[in-house]
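Worksheet: one structure, shown below.
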Amino acid sequence: MESLLEKLFDTYGDTVLREQGVYSEAKILAALDEMPLDRSTKIDICDLFSNHYFRWSTAAFSVGLHLGLSLIAELYAPKNL
């Protein structure tokens, strides 16, 4: 089961990163095409990069989201408690 943060990243964060050109599967495949590897190995390597991209990106998004919400909460917290 996906966590809420993974769903948020998939629907928002991944779109933003793809617009910025942070991760390009085509570039990875082009680089792998220059190496003497069989197709199955190239796909495995590309999948590995993709898996790491999503893990690290989701983790970074989660940390950033938590930090942003914490900062906003401090701004709007009642001062007279």
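The values are calculated or read from the model by the stated rules, or taken from the named source; none is laboratory data. Given the structure is predicted, the values throughout are model-derived calculations rather than measurements. Cβ placement follows ideal geometry from the backbone for every residue including glycine, while neighbour counts extend to all protein chains displayed. With ligands, DNA and RNA removed, areas are computed over all heavy atoms of the protein, side chains included. Shrake-Rupley method; radii C 1.70, N 1.55, O 1.52, S 1.80 Å.
Among the residues of the stretch 53-80, those identified as open to solvent by 90 Å² or more (accessible area, probe 1.4 Å), closer than 24 Å to residue 18 by Cα and of a type outside the set (Phe, Trp, Tyr) are 55, 63, 66, 67, 69.
Go through 25, 34, 19 for me and flag whichever is open to solvent by 70 Å² or more (accessible area, probe 1.4 Å), touching a Phe, Trp or Tyr at 6+ places or on another chain (Cβ under 9 Å) and of a type in the set (Asp, Glu). I'd like the intermediate steps shown before the answer.
Values: 34 fails: touching a Phe, Trp or Tyr at 6+ places or on another chain (Cβ under 9 Å); 19 fails: touching a Phe, Trp or Tyr at 6+ places or on another chain (Cβ under 9 Å).
Going through 25, 34, 19 in turn, just one is open to solvent by 70 Å² or more (accessible area, probe 1.4 Å), touching a Phe, Trp or Tyr at 6+ places or on another chain (Cβ under 9 Å) and of a type in the set (Asp, Glu): 25.
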